[in-house]
Amino acid sequence: MRNVAEDPPAVPLLDINRENRLVRDEIQQAMARVCDQGCFLHGDEVRRLEAVLAARCGVPYAVSCASGSDALLLALMAHEIGPGDDVILPSFTFFATAGAVWRLGARPVFVDIDPLTYNLDPALVEAAITSQTRAVIPVHLFGRCADMHAISEIAECHQVLVVEDAAQAIAALHRDRAAGAWGDIGCFSFYPTKNLGGFGDGGMLTTGDEQTAERLRLLAAHGMQPRYYHSHVGINSRLDTLQAAVLNVKEAQLDHLTERRRANAARYREWFATAVDAAQLVLPEEDTDGFHVWNQFTVRVPGGRRDALRNFLQERRVGTEVYYPVPLHQQVCFADLGYGPGSLPHTENAALEVLSLPVFPELSEAEQHAVVAGVADFFAASSRAVA
Ligand SMILES: *Cc1c(COP(=O)(O)O)cnc(C)c1O
C-alpha cells in the first residue's frame, strides 16, 4: 500500500452527484409526473414510499413526515412525553436526538456508549432507569445497530418505551430484524447525506401498532380530524410528493448501494490492516450480530493526533469529518443539566479521537487507495519525526 501514485486523486468525503447522476433521467420523469398531476402533498408517491419502507422494515405501518428530527419529535409526542419525564439517550449522536426530548419539556438523561460500537451500552441504560424514565432512544450510529436485543429486554422489564433513532441505519439489521422494527417506533431521515437521501428534507416513522400509526398521522397534521376539528395540538410535518417521487426511485437502488458501502468498508479494513499499525489507527468493526450499512466509516486516532491526521489528509485533498466533535452533554444549551467533564468518559474520548473517512457507494478503488496511502504516509512521517 506504500506505492503512492504520482498524483493521487482528490477524494471527497461524499459525492452525492455520482449517485444521482445514475438515476437522473428516472428521477426527472418521476418529478415531471408529479408536476403534471399537481398533487404536491399526500400524493400517490407518498403512500407508495410508506408502503415500501414498511415492507423493507418488516412492520405493518410507516408514516411519513418532514424530517428525521420531526420523526423523533412526533414519536415522543405520540406517547405524550413531556415535563416530569426522563428520556435516556446517548450523548454521542446528532443534536436532533436530544433536541426532540428537550422541546417537549422532558429531561434528556445521557448515558455512555460502548467504545467499540459507539452505541448505547445496555448495562448503563439499565443502571440509569428510574421511576421517572419513560423512554429510551437508542441511536444506530454510523449505520450499525445498537444492541437492540438487550435494550428491548431491559425496556420491557422496566416498562419503558423504545424509540429507535434509525436516521443513519436504513436497511441495517440487528440479528435478523431491521433497524426501525425493534422499538415501539422507528425514526428515519432522508436528509441528502443519509444512505437513502432525498433532494431536501424528509422523514419516516415505522411502527407495529395501528393505534400508534394513527396517532402519528394525526399529530403530523395539526391533530386535525376531520378537517378543521382538532382533538390534539399537533404540528405540520409532511413529506412532499416531489420528495417521495425522488426517494421511490432511489429506494430501488438502496440494496445495491448498501452492498457497495459494505464492500468499501471491507476493503478499507483489509488494506489498513497491512498499511497502518493497529495501535495507531483503530478500525471500526464489522457487526457480527447484524448487518452494518456503513453510513460512515469512522476510525479512531489515539494519542491526540486526530486533528493532525485530518489536516494532513486535507492537504492531500482527502475529505474527512468529525462526527461529532462536542458530545451533547457538553453543549452550551444543556449546561444546566449539570454533566461535568468526565461524566461520560467513553463518549468524551470518542469525540477527541474519531475521524470519518469517505465510504460512499461510488468511491473508486483508486480513491480508496489514495485515502489509505495518505493515512499510512502520515503515520510513517510522524514516526520518522519521533525517531
Ligand atoms: C440526520 C439525523 C437526524 C435528523 O434527521 P433530519 O432529517 O436531518 O432532521 C437525527 N438523528 C441522527 C442520528 C441523524 O443522523
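Just a few scattered comments:
- Between helix 306-315 and the chain: long-axis angle, C-alpha atoms, 0 to 90°, nearest 10: 80
- Helical runs (DSSP H, four residues minimum) scored at -39500 (n - 2.57) apiece and divided by the length of the chain put the mean residue ellipticity at 222 nm at -12500 deg cm²/dmol.
- One Cα centroid belongs to the range 85-145, the other to the range 165-237; the line between them spans 18 Å.
- More than 33 Å apart - percent of Cα-Cα pairs taken over the range 18-251: 16
- For the range 189-283, the list of chymotrypsin sites (Phe, Trp or Tyr not before Pro) that fall in a loop by DSSP and count at most 11 other C-beta atoms within 10 angstrom reads Tyr228, Tyr229.
- Over all orientations, the range 254-386 has a Cα convex hull whose mean projected area works out to 10.1 square nanometres.
- Hydrodynamic radius of the range 129-282 per Kirkwood, over alpha carbon pairs, in Å: 17.9
- Across Gly84, Gly203, Gly183, mean-square fluctuation computed from a Gaussian network of the chain (C-alpha pairs under 10 Å connected) peaks at Gly84.
- Selection from Thr117, Ile88, Asn195 lying farthest towards where the dipole of the chain points positive, charges on Cβ: Asn195
- In degrees, nearest ten, helix 68-78 long axis to first principal axis of the chain (Cα): 40
- The range 17-53-the range 270-320 distance, computed between alpha-carbon centres (Å): 36
- Inter-probe distance in nm under a simple model that places probes 7 Å from Cα toward Cβ, at Gln331 and Glu362: 3.2
- Helix 241-251 and the long axis of the chain differ in direction by around 50°, with both axes built from C-alpha atoms.
- Low-density loop positions, GluC sites (Glu not before Pro), the range 283-387 - DSSP coil, at most 11 other Cβ in 10 Å: Glu285
- Annotation: amide H of Val11 within the under-5 Å range of Val318, Gly319, sequence separation 5 or more or interchain, hydrogens built in the peptide plane.
- Relative to the 2.2 N^0.38 Å rule of thumb, the range 1-76 has a C-alpha radius of gyration ratio of 1.69.
- Mean Cβ neighbour count within 10 Å, used as a protection proxy, ranking 151-162, 119-130, 242-253 highest first: 242-253, 119-130, 151-162
- Once the C-beta distance of Gln314 and Asn349 is scaled by a Förster radius of 30 Å, the resulting FRET efficiency is 0.85 to the nearest 0.05.
- Cα-centre dipole for the range 254-386 with unit charges at Cβ (Lys and Arg positive, Asp and Glu negative), debye to 20: 400
- Shown is the FRET efficiency for His256 and Arg384, computed with R0 = 35 Å from the Cβ-Cβ distance and rounded to the nearest 0.05: 0.25.
Rule-based calculations on the coordinates, nothing more; no lab input. Just so we're clear, the structure is a prediction, and the values are computed from it rather than from any experiment. Here the Cβ is made from the backbone with ideal geometry for all residues, glycine too, and neighbour counts use every protein chain on show.
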